[in-house]
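K.L.:
A single structure is presented below for examination.
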Amino acid sequence: MAQCCDESLMADEELEAIRRQRMAELQTKHGDPSNDQQGQQESKQRETEMRNSILAQVLDQSARARLSNLALVKPDKAKAVENYLIQMARFGQLGGKITEAGLIEILEKVSQQTEKKTTVKFNRRRVMDSDEEDDD
């Protein structure tokens, strides 16, 4: 049953992508800038709704709450985790809803992949200091 739902979900997503592409082609042919801007806004809204519906199917309530809190603090990291979850869902790599503990593991993996190493390098100038000559 879960496989059936995943296949229909994937088919719906592919159909939606084809619709968006066709809509964009039609808008570029007509060249109406106000209609194009409105179309872009509508497509962005549809994409956001699609992402939210996929995440609602994949995450349980506590995991969704944690992810939304993360989005407030670190939007880039939250977007990366969302993309990772959606990709896993599309390829059928998720076996049920992800709990908060499962989301924490995924967050740790993403953090390790995107971890930035901070290095501090001191450039000391070699200039004749008057302190060196004080010994005289």
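K.L.:
Past the 25 Å Cα-Cα mark, which pairs from K44/K77; K79/K121; K44/K116; K44/K79; K74/K97?
P.N.:
K79/K121; K44/K116
K.L.:
Separate question: In terms of modelled amide H atoms, which long-range or inter-chain residues lie less than 5 Å from the amide H of I98?
P.N.:
L59, D60
K.L.:
Quick one: accessible surface of K109, probe radius 1.4 Å, all protein chains present, in square angstrom to the nearest 10.
P.N.:
110 Å²
K.L.:
Another question, if that's okay. Taking the full set of protein chains and a 1.4 angstrom probe, give the accessible area of T118 in square angstrom, rounded to the nearest 10.
P.N.:
130 Å²
K.L.:
If you don't mind, there's one more thing I want to ask. List the GluC sites (Glu not before Pro) within the range 41-119 that fall in a DSSP loop (any state other than H, G, I, E or B) and whose Cβ has at most 15 other Cβ atoms within 10 Å.
P.N.:
Counting only loop positions with at most 15 other Cβ atoms within 10 Å, the GluC sites (Glu not before Pro) in the range 41-119 are E115.
K.L.:
If R66, R22 are ordered by their accessible area, calculated over protein heavy atoms with a 1.4 Å probe, which sequence runs from highest to lowest?
P.N.:
Highest to lowest solvent-accessible surface, that is R22, R66.
K.L.:
For the range 45-131, report the accessible area per residue in Å² (1.4 Å probe, heavy atoms, rounded to an integer).
P.N.:
Here the residues of the range 45-131 average 78 Å² of exposed surface.
K.L.:
Over the range 74-125, with every protein chain in place, what whole percent of the accessible area is carbon and sulfur at 1.4 Å, could you tell me?
P.N.:
Carbon with sulfur: 48 percent of the solvent-accessible area.
K.L.:
Then there is this: Between Q113 and V73, what length in nm is gained on full extension when 0.36 nm per residue of separation is reduced by their alpha carbon distance?
P.N.:
Once the chain is fully extended between Q113 and V73, it gains 12.5 nm.
The values are calculated or read from the model by the stated rules, or taken from the named source; none is laboratory data. None of the values given here were measured: they were computed from a predicted structure. No Cβ is skipped: glycine too gets one built from the backbone with ideal geometry, and neighbour counts run over all protein chains shown. Each accessible area value is taken on the protein alone, full model and side chains, heavy atoms only, with ligands, DNA and RNA left out. Shrake-Rupley method; radii C 1.70, N 1.55, O 1.52, S 1.80 Å.
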